[in-house]
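Written below as structure tokens is the structure these notes are about.
The values are calculated or read from the model by the stated rules, or taken from the named source; none is laboratory data. Worth saying up front: this structure is predicted, and the values here are computed from it rather than measured. Every residue, glycine among them, receives a Cβ derived from its backbone with ideal geometry; neighbour counts consider all protein chains shown. Heads up: the accessible areas ignore ligands, DNA and RNA and are worked out on the full protein's heavy atoms, side chains in. Shrake-Rupley method; radii C 1.70, N 1.55, O 1.52, S 1.80 Å.
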Amino acid sequence: MSDITQSRRGALLALTNPVEGKDKEFQEWYWGTHIPEILALPGFVAVRRLRAADTSTDGIPYRYATIYEVEGSAEEARTRLFTSGLGFSDTLDLSSIVMIPLVEHDEAFDA
């Protein structure tokens with residue numbers, strides 16, 4: 001494996017919503033429990049949490065976005081996350097979660 005491949009980082013983009021009426025509890029669980037558990041998994045190195053601006057929520061199906069920076073393959077990191085046995089909170093709307101593995105965009109490799 002080349003040094004370039006070894007040093008590459010991927011990312012996971014998580015789009016989430018709290019259960020209706022549970023926003024405060026959701027945020028407390030997400031930051032207080034969930035994020036520390038994920039950052040303890042191998043390969044997860046950083047996290048950034050964002051929310052939709054209050055003025056732009058019309059028609060946007062997700063209230064929160066989390067970007068997890070990972071060492072190596074984002075697909076492998078997603079598998080580690082889903083098979084790690086971490087618990088979920090009843091404040092998280094499991095029916096609406098989207099988890100997208102992302103790779104760096106490198107124009108030199110685009111056709």
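Would you mention how many residues in region 55-95 are in contact with a Pro (Cβ under 7 Å, 6 or more places away or on another chain) and either modelled with pLDDT under 85 or of a type outside the set (Lys, Arg) (or both)?
Result for region 55-95: 5.
Pairs please, first residue from region 88-111 and on the phi > 0 side of the Ramachandran plot, second anywhere and modelled with pLDDT under 90, Cβ atoms under 6 Å, 6+ apart in sequence or on different chains.
Nothing qualifies.
Applying the selection to region 68-92, what residues are exposed (fewer than 15 other Cβ atoms within 10 Å of the Cβ) and closer than 22 Å to Trp31 by Cα?
Those that are exposed (fewer than 15 other Cβ atoms within 10 Å of the Cβ) and closer than 22 Å to Trp31 by Cα: Thr79, Phe82, Thr83, Ser84, Gly85, Leu86, Gly87, Phe88, Asp90.
Take Val103 and tell me if it is open to solvent by 30 Å² or more (accessible area, probe 1.4 Å), out of contact with any His (no Cβ under 6 Å at 6 or more places or on another chain), among the β-branched types (Val, Ile, Thr) and modelled with pLDDT under 95.
So Val103 passes the test.
Can you name the condition, by its number, that Phe44 falls short on among (1) closer than 11 Å to Leu12 by Cβ; (2) among the aromatic types (Phe, Trp, Tyr); (3) at pLDDT below 95?
(3)
Among residues belonging to region 9-51 that are small (Gly, Ala, Ser) and buried (at least 16 other Cβ atoms within 10 Å of the Cβ), point out the one that is nearest to Val103 (Cα to Cα).
In this case the residue turns out to be Gly10.
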